[in-house]
Amino acid sequence: MDQEAYLRSLLPESSDHMQQIEKFAEDHNVPIMEPLGIHFLQQMIRLKKPERILEIGAAIGYSALRMLEAAPDSRIVTIERDEIRYEEAKRNVQEADASEHIHILYGDALDMSEKVAEHAPYDLLFIDAAKGKYEEFFDLYTPFLSEDGVIISDNVLFKGFVADDSEASKRMAKLAKKIRNYNEWLTSHPDYHTTIIPIGDGVAITTKK
Ligand code: SAH
Ligand code: MG
């Protein structure tokens, strides 16, 4: 058994509703966070105890619901630009009885700063949308963070292709290059500390200096 399979074997079982959403994501090719990544994110949230969370990239609401599991009193604003996924996310949030905690905005995250500002400041910014736009999301939304706000970016190792794209398709290699640029920009940013954890698809943890 490889190390990842071993670590997965230690994970607790998801609730029925979460399993249902995981199955839906698999059947419909929705790129939700991987089990080890989502558990790591939940643990970061238990440590951080954010009151408000901003998520870029809701998909079908899975990670938002998982974050709420880890911080049951938090308020989460999450943005999704795909209408079908947005509708599915709303349905999932309603089914989980979480509509009071999770507010889903429909639209392109790069145009949503006014609505996002209404619920600011946020203690955690979770970036998990278009992989080529992370730097733009970061610059647009870090001003809405509280003083000790934290930024978490998902998929920063992108299927292993960020470190080595020799086996990647042209399209994947292009995306990997954008993420590589983001990682370099982020890790050398004068105002932030960043550590990249090789769990799930690669998760970057960023704090303000
Ligand atoms: N966080 C989710 C997965 C998100 S997948 C989870 O782990 O459960 C990434 C999502 O970001 C996709 O559904 C895609 O439609 C959305 N997205 C990509 N670019 C976006 C943008 N500019 N604005 C809003 N949503 C975007
Ligand atoms: Mg992701």
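Just one of the listed residues (148, 123) is crowded, with 17+ Cβ neighbours inside 10 Å and under 20 Å from residue 43 (Cβ atoms), namely 123.
From the list 54, 47, pick out the single residue that is under 23 Å from residue 132 (Cβ atoms) and away from ligand 2 (no atom under 13 Å from the Cβ).
Working: 47 fails: under 23 Å from residue 132 (Cβ atoms).
None of the other options fit; the residue is 54.
So, residue 64, is that one buried (at least 20 other Cβ atoms within 10 Å of the Cβ) and either at pLDDT 95 or above or of a type in the set (A, V, I, L, M) (or both) or not? Don't jump to the end; show me each part of the working.
Numbers: buried (at least 20 other Cβ atoms within 10 Å of the Cβ): yes; either at pLDDT 95 or above or of a type in the set (A, V, I, L, M) (or both): yes.
Yes, satisfied.
Is it the case that the range 83-104 has a residue that's away from ligand 1 (no atom under 11 Å from the Cβ), touching a residue at least 60 places away in the same chain (Cβ under 8 Å), farther than 26 Å from residue 176 by Cβ and under 15 Å from the mean Cα position of the chain (by Cα)? Within the range 83-104, not a single residue is away from ligand 1 (no atom under 11 Å from the Cβ), touching a residue at least 60 places away in the same chain (Cβ under 8 Å), farther than 26 Å from residue 176 by Cβ and under 15 Å from the mean Cα position of the chain (by Cα). Evaluated against (1) within 14 Å of ligand 2 (Cβ to nearest atom); (2) outside any helix (DSSP H, G or I), residue 11 falls short on exactly one condition, (1). Scanning the range 24-61 for residues that are open to solvent by less than 20 Å² (accessible area, probe 1.4 Å) and of a type in the set (Asp, Glu) gives a single hit, 55.
The values are calculated or read from the model by the stated rules, or taken from the named source; none is laboratory data. Keep in mind the model is a prediction, meaning the values are calculated, not measured. Here Cβ is always computed from backbone atoms with ideal geometry, including for glycine, and neighbour counts include all displayed protein chains. Only protein heavy atoms, including side chains, enter the accessible area calculation; ligands, DNA and RNA are left aside. Shrake-Rupley method; radii C 1.70, N 1.55, O 1.52, S 1.80 Å.
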